[in-house]
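The block underneath contains the structure these notes are about, expressed in structure tokens.
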Amino acid sequence: MGTGELLSRRHRLDTPRPSTPEAVAKTIVDLVGQSLTECPIPDDAPAGMGLPGVIKSGVVMTAANIDKAWVGSSADEIVGQAIGRRVYAINDADAAGLAEVRLGAGRDARGTVLMLTVGTGIGSGLFVDGRLVPDTELGHIELHGRDAELRLSGVARERRRMRWKTWATEFNDYIAHLEAYLWPDLIILGGGVSKVMDRYREFLKSRAPIVPAQYRNTSGIIGAALNAADLQARDALRASEPAQAPEAAPASEPAQANEPAQVS
Ligand code: BGC
């Protein structure tokens, strides 16, 4: 865990269609089953999960690239019940950034680090001195009148049949927008495109250095695990703290205007 090294092979199953919470949970059960045959994991160990959407306390708030039925559902609960262990869900790009900032390409960086994952969509993870500003969703900023990810994600590049040079030139516009607002000190590129950076690196232009993710496509897996470990430790600490007694209202506090009058 401390090194980011995977203890089992990476297993991969296609996202089911439609990608409803129930269908995805079923696929995850198969995936976890495959991993467990190679690497026994204690029953009380939590599982980390990265999802392409805004996640607040385990609840999915947006779903640009997965079934809309996720919105309002607790990924922690649905997947946790399916696999029979505590699950902690986090945005996929936040997870990838966590791994890179703590252990990978951004581990020595100071200041503002921006992780961008370019694959099916464009995900973002923003870090300030190592601390995550969660759920930034910078793939959805407007670029030339459209959602940036609809023009420049890995899938969009293929759909638009863009050569790497053309894609990189347009991607530079996107980076320039982000730099104008956020002034990152380092940009880490992850997702599918980071594996072939040699094909377009020479065309990229930015103020901050752009480096490929050290863990390439596994940063999301590593970061989701790091996040699960962090949150489990936080929950254990909270559970060990003495419960706070509810604050008694001062005797002199005036009755609220909408409270029924006391009749003695
Ligand atoms: C989603 C993000 C996600 C990104 C990469 C976007 O469409 O809105 O939450 O991080 O895709 O998967």
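The values are calculated or read from the model by the stated rules, or taken from the named source; none is laboratory data. These numbers were taken from a predicted model, which means no experiment stands behind them. No Cβ is skipped: glycine too gets one built from the backbone with ideal geometry, and neighbour counts run over all protein chains shown.
Under the condition of being away from the ligand (no atom under 15 Å from the Cβ) and of a type in the set (A, V, I, L, M, F, W, C), which residue from region 43-63 is farthest from ALA25 (Cα to Cα)?
Looking at residues that are away from the ligand (no atom under 15 Å from the Cβ) and of a type in the set (A, V, I, L, M, F, W, C), I get ALA45.
What pairs come out if I take residues in region 27-50 that are at pLDDT below 95 and outside any loop (DSSP other than H, G, I, E, B) and pair them with residues that are among the hydroxyl-bearing types (Ser, Thr, Tyr) and surrounded by 12 or more Cβ atoms within 10 Å (Cβ to Cβ) whose C-beta lies under 8 Å away, six or more apart or interchain?
Taking only residues 6 or more apart or on different chains, the pairs are SER35/SER8; GLU38/SER8.
For region 183-240, name all the residues that are under 21 Å from ALA109 (Cα atoms), part of a helix (DSSP H, G or I) and among the basic types (Lys, Arg).
ARG201, ARG216
ALA82 fails exactly one of the following numbered conditions: (1) more than 15 Å from the ligand (Cβ to nearest atom); (2) over 22 Å from ALA229 (Cβ atoms). What is the number of that condition?
Failed condition: (2).
Among the residues of region 127-138, write down those that are within 13 Å of the ligand (Cβ to nearest atom) and either surrounded by 24 or more Cβ atoms within 10 Å (Cβ to Cβ) or assigned to a loop (DSSP other than H, G, I, E, B) (or both).
Within region 127-138, PRO134, ASP135, THR136, GLU137 qualify.
Only one residue in GLY33, GLY4 is within 30 Å of ALA105 (Cβ to Cβ) and not hydroxyl-bearing (Ser, Thr, Tyr). Which one? Quick ask: steps written out before the conclusion?
On the way: GLY33 fails: within 30 Å of ALA105 (Cβ to Cβ).
That would be GLY4, the only listed residue that is within 30 Å of ALA105 (Cβ to Cβ) and not hydroxyl-bearing (Ser, Thr, Tyr).
For region 139-175, name all the residues that are aliphatic (A, V, I, L, M), part of a helix (DSSP H, G or I) and more than 23 Å from the chain's Cα centre (by Cα). Give the steps one after another, and end with the answer.
Of region 139-175, the ones aliphatic (A, V, I, L, M) are 141, 143, 148, 150, 152, 155-156, 162, 168, 175.
Still in the list and also part of a helix (DSSP H, G or I): 148, 150, 152, 155-156, 168, 175.
ALA168 - this is the single residue of region 139-175 that is aliphatic (A, V, I, L, M), part of a helix (DSSP H, G or I) and more than 23 Å from the chain's Cα centre (by Cα).
If THR20 satisfies all but one of (1) surrounded by 14 or more Cβ atoms within 10 Å (Cβ to Cβ); (2) more than 26 Å from LEU150 (Cα to Cα), what's the number of the condition it fails?
The failed condition is (2).
Determine if region 146-158 includes at least one residue that is among the charged types (D, E, K, R) and surrounded by fewer than 16 Cβ atoms within 10 Å (Cβ to Cβ).
Here is the first cut: in region 146-158, the ones among the charged types (D, E, K, R) are 146-147, 149, 151, 157-158.
Then keep just the ones that are surrounded by fewer than 16 Cβ atoms within 10 Å (Cβ to Cβ); that gives 146, 158.
Yes: one or more hits.
From the set of residues in region 85-113 that are among the charged types (D, E, K, R) and buried (at least 20 other Cβ atoms within 10 Å of the Cβ), which is farthest from the ligand (Cβ to nearest atom)?
The initial filter retains those residues of region 85-113 that are among the charged types (D, E, K, R), namely 85-86, 92, 94, 100, 102, 107-108, 110.
From the residues that got through so far, the ones that are buried (at least 20 other Cβ atoms within 10 Å of the Cβ) too are 92, 94, 100.
Details: ASP92: 5, ASP94: 8, GLU100: 14 Å.
Top of the filtered list is GLU100.
Would you mind telling me which numbered condition in (1) away from the ligand (no atom under 16 Å from the Cβ); (2) more than 25 Å from GLU179 (Cα to Cα) ALA69 fails?
Of (1) away from the ligand (no atom under 16 Å from the Cβ); (2) more than 25 Å from GLU179 (Cα to Cα), only one is false for ALA69: (1).
Here is a check on your reading of the model: is ASP76 under 16 Å from the mean Cα position of the chain (by Cα), without any contact (Cβ under 8 Å) to a residue 40 or more places away in the chain and either away from the ligand (no atom under 16 Å from the Cβ) or within 17 Å of GLN232 (Cα to Cα) (or both)? Explain how you work it out, then say what you get.
Details: under 16 Å from the mean Cα position of the chain (by Cα): yes; without any contact (Cβ under 8 Å) to a residue 40 or more places away in the chain: yes; either away from the ligand (no atom under 16 Å from the Cβ) or within 17 Å of GLN232 (Cα to Cα) (or both): yes.
Judged against the criteria, ASP76 is a match.
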